[in-house]
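Only the coordinates and a few stated rules stand behind these numbers; no lab work does. What you are looking at is a predicted structure, and each value in this text was computed from that prediction instead of being measured. Neighbour counts run over all protein chains shown; Cβ positions are idealised from the backbone, glycine included.
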2 protein chains.
Amino acid sequence: MSALAEPNRFQIVELLRDEPYTVGEIADQLRLRQPQVSKHLRVLSEAGLVEVQPIANKRIYKLRQQPFLQLDDWLESFQNVWDERFDRLDEYLEELKGKQKEHGE
Amino acid sequence: MSALAEPNRFQIVELLRDEPYTVGEIADQLRLRQPQVSKHLRVLSEAGLVEVQPIANKRIYKLRQQPFLQLDDWLESFQNVWDERFDRLDEYLEELKGKQKEHGE
DNA sequence: CATTAATATTCCTTGACAAGAATATTCCGT
DNA sequence: ACGGAATATTCTTGTCAAGGAATATTAATG
């Protein structure tokens, strides 16, 4: 997830969402210098967010879907909670007031 | 999203997924020092991931759902792509070979 | 085989940020 | 009003990661 935290990398991912791109194409579209793009792609690649397909001396990068599905799963583990707990906060407040009362006696 | 990149903050969020917690409780459960927890909560708060409810001299932190829904939306913008494009990579490769041919003539 | 295009890697510098330690603030009970 | 929790803030320091510039690598082409 820290791979997505960097703004330029985030942009790269959004760009690749549309279609696979070459390093040079990415650099052009995002107005970045080639070495930085290569470095960012390296990070994205090591994070498993992206995969490469070498063709001639070009390298085509595309998104992998696994990490996104994973993230989706993670988010679902929250969805459940919103529903289940209408607002557990109230419940918690009561609990606290109870504790205070006990302490007072 | 960079707020979630920090491991301790990520842990805090996962902890708060279960129920709201006090700063001290978070510090205890995650074996962190209170000041760092406060600082992390500040970041999470400014990122809109978390909200506070002061009660006595305690402060109860809970998750806000908006940013999570937002993230979910963002992820959906990808889902569409996976389906639509069986593999646009092939298409792209063809395009490249075409270009090479043109260049050769 | 020399050249050139496309990409990757290295080295260096700089800025951001997290932890630690100490201190400040706020609120309650007495 | 005072003492003590609970929490926040400040300051400093060390680390890490991103950008820039230069260079290395790989592959195609004549």
Cross-chain or 6+ apart pairs with Cβ under 7 Å, the stretch B:50-69 first and within 7 Å of another protein chain (Cβ to nearest Cβ), then part of a helix (DSSP H, G or I) and among the hydroxyl-bearing types (Ser, Thr, Tyr)
B:60/A:92
Do you know which residues across the stretch B:25-78 are among the aromatic types (Phe, Trp, Tyr) and assigned to a helix (DSSP H, G or I)?
B:68, B:74, B:78
Test: residue A:45 is polar (S, T, N, Q), more than 22 Å from residue B:82 (Cα to Cα) and surrounded by 15 or more Cβ atoms within 10 Å (Cβ to Cβ)
no
